[in-house]
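Colleague: My questions will all concern the structure given below.
The values are calculated or read from the model by the stated rules, or taken from the named source; none is laboratory data. Keep in mind it's a predicted model, so treat the numbers as computed, not measured. Using ideal geometry, Cβ is built from the backbone for each residue, glycine included, and neighbour counts are taken over all protein chains shown. Ligands, DNA and RNA are stripped out before the accessible areas are found, and what is left, the full protein with its side chains, is counted by its heavy atoms. Shrake-Rupley method; radii C 1.70, N 1.55, O 1.52, S 1.80 Å.
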Amino acid sequence: QEAVARAWPGATFVAGPQRRGLRLQGSGLAALVAPDVVVVRSRQHAYRSGGDLRDSDTFATKGAQLVAVRVAEDLPPVEVVSTHLIAGGDLFPMPGADDAERHHRARMRQVEELVSFIEAEHDPACPLLVVGDFNVMAHDPDPRLPEPQARYRDLAERLAGVGLVDVWAAHGVGPGHTCTFHSAADLPPDPDEPDQVADDPDAHESSAPGERIDYLWLAAPPGLAIEVERPRRWAFSGRGATGGPAGSLSDHLALSVTLRITSPA
């Protein structure tokens with residue numbers, strides 16, 4: 001985080017929930033706000049719920065961070081809430097450690113806290129963008145599910161209660177997978193911007209490489225017109241630092257979206 005902040009001189013860095021007690025790792029959440037944008041307020045919440053000793057996430061401070069920024073004097077602030085839900089497993093190979101249904105129940109308990117946090121802190125007059133790694137596959141091949149979208153629909157219905165809509169589902173091109181890639185060939189560069197990943201409108205979510213677990217959710221308040229540009233995925237391939245097996249900065253892709261907000265005449 002410090003290295004990223006240093007790379008943007010003049011930007012405002014706002015840290016998310018930090019480690020505390022038995023939570024040996026911080027949330028990893030942070031906001032970096034452009035020098036010409038004013039941070040109006042910030043709030044944070046560390047989730048009380050999560051997994052158990054079978055889950056490495058238990059020792060991380062999972063939570064949510066809200067940062068409200070003013071981008072224009074004649075518009076209400078834009079609120080950005082970031083979060084990272086539990087993945088589950090990946091610690092002790094005990095019975096039930098890799099139970100996907102147990103993991104999903106733990107995530108939904110965190111989503112309940114997220115929704116409560118939003119209801120307490122969100123100003124309904126402000127546009128709200130909720131972003132992050134939700135660890136819920138938009139297309140989950142678990143054979144125990146009645147349909148591959150069952151867990152995604154559970155997540156989407158809970159967030160719809162506070163007016164949130166999946167930006168990629170509404171405006172994206174192709175499946176929009178964001179992680180679990182095995183080859184750089186899975187991430188073809190966009191011909192106009194090599195750091196962006198080319199989106200295939202004909203690809204199907206059940207067969208395209210990777211999976212979609214990172215999301216942008218938008219709630220638009222009444223009285224404002226919001227034009228949502230097509231969201232994009234970024235791999236930043238070819239950079240000096242590599243993380244995931246596909247050779248990018250991280251084992252996940254970055255997501256971006258541009259919002260054009262205007263007040264009614």
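Colleague: Going 7 Å from the Cα of LEU91 toward and past its Cβ, which residues in region 34-53 have a backbone nitrogen under 16 Å from where you end up?
Modeller: Inside the label zone: 47-53.
Colleague: Let me ask something else. Which percent of the accessible heavy-atom area of region 1-82 goes to carbon and sulfur, probe 1.4 angstrom?
Modeller: 54 percent
Colleague: Working out 0.36 nm times the residue gap between ARG19 and ARG260, then minus their Cα-Cα distance, what length gain in nm do you get to one decimal?
Modeller: In short, 83.2 nm is gained.
Colleague: How many nm separate the modelled label positions at GLU157 and SER49, each set 7 Å beyond the Cα in the direction of the Cβ?
Modeller: So the label points at GLU157 and SER49 sit 1.5 nm apart.
Colleague: Here's another thing I want to ask about it. For the chain, what is the accessible area per residue in Å² when the probe is 1.4 Å?
Modeller: That works out to 51 Å² per residue.
Colleague: For SER183 and PHE59 in the same chain, what is the full-extension length gain: residue separation times 0.36 nm, less their Cα-Cα distance, in nm?
Modeller: Gain on stretching SER183 to PHE59: 41.6 nm.
Colleague: How much of the accessible area of region 91-185, probe 1.4 Å, is carbon plus sulfur, in whole percent?
Modeller: Here it works out to 58 percent.
Colleague: Per DSSP H run of n ≥ 4, the term is -39500 (n - 2.57); total these for the chain, divide by its residue number, and report the mean residue ellipticity at 222 nm rounded to 500 deg cm²/dmol.
Modeller: My calculation for the chain gives -5000 deg cm²/dmol from helical runs alone.
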